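Taking it in order: structure first as structure tokens, then the write-up.
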Amino acid sequence: MTPLDHDAPHRSNEADVIAVVAAWDAAWNAGNAKALGALFTEDAEFVNGRGQVALGAATIAANHTASLAGPFKGSTTRGRVRRVTFLSGSTAILDVDNDLTGYRFLPPGAVETSPGVHSGRHKRVVVKRGGTWRTVSMQLTSILPATP
């Protein structure tokens, strides 16, 4: 990752911002929707790969309770931070490349990127509130399979 001129002064927070991704992976892989919800602010917005919008940490947790008990039960996610861009000392954008495996099935409209793998890009806006970095906005974009 190469720092941009405007965010270089805030690089000391980078490890804490990146830890948000590790916490997401750990909560998802444990099937813990409550822990996923705790990674969001109360006024957060979550846009899934099908464009559906969930508002607020409680709603985000509830939606993930259903999906982690259904199509994604037992699945494993692995995020790789592609870029961190600081907008200030308390706001950053995380660009994450993500692979999801071990799912039971994919929801309607979602397709495998390769056999057994659903890949996507996550864009997260994270803010530091009360000393803790949390997600205020997250949007998923599916990566479609390569066409011959």
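The values are calculated or read from the model by the stated rules, or taken from the named source; none is laboratory data. These numbers come from a predicted model, not from an experiment. Every residue, glycine among them, receives a Cβ derived from its backbone with ideal geometry; neighbour counts consider all protein chains shown. Note: areas computed on protein heavy atoms with side chains; ligands, DNA, RNA excluded. Shrake-Rupley method; radii C 1.70, N 1.55, O 1.52, S 1.80 Å.
Quick notes on this structure:
- FRET efficiency estimate (nearest 0.05) - Cβ-Cβ, residue 132 to residue 101, R0 25 angstrom: 0.30
- Label sites at residue 88 and residue 19, each approximated as a point 7 angstrom past Cα along Cα to Cβ, lie 2.2 nm apart.
- Rounded if a/c under 1.5, otherwise prolate or oblate - segment 85-148, Cα gyration tensor axes: prolate
- Between 117, 91, 37, the Cα set farthest toward the positive side of the dipole of the chain (charges on each charged residue's Cβ, about the Cα centre) is that of 117.
- Segment 43-138, accessible area per residue, ligands and nucleic acids excluded (1.4 Å, Å²): 47
- Percent carbon-and-sulfur accessible area, the chain, ignoring ligands, DNA and RNA, probe 1.4 Å: 56
- Charge dipole of the chain (Cα centre as origin; +1 on each Lys and Arg Cβ, -1 on each Asp and Glu Cβ, all else neutral): 220 debye, rounded to the nearest 20.
- For segment 33-112, the pair-distance distribution built from all alpha carbon pairs, in bins 5 Å wide starting at 0, is 3, 13, 18, 25, 24, 11, 4, 2, 0 percent.
- Candidates 53, 75, 135 compared by Cα position along the dipole of the chain: farthest toward the positive end lies 75, with charges placed on Cβ.
- Correct option for log10 I(q)/I(0) by the Debye sum over Cα atoms at q = 0.11, 0.19 Å⁻¹ [calculated from the coordinates] among [x] -0.41, -1.16; [y] -0.54, -1.08; [z] -0.93, -1.26: [x]
- Span from the segment 77-132 Cα centroid across to the segment 26-75 one, whole angstrom: 12
- Size of electric dipole in segment 97-147: Cβ of Lys, Arg +1 and of Asp, Glu -1, about Cα centre, debye, nearest 20: 420
- Whole-number percent relative contact order across the chain, with pairs defined as alpha carbons under 8 Å at least 6 apart: 24
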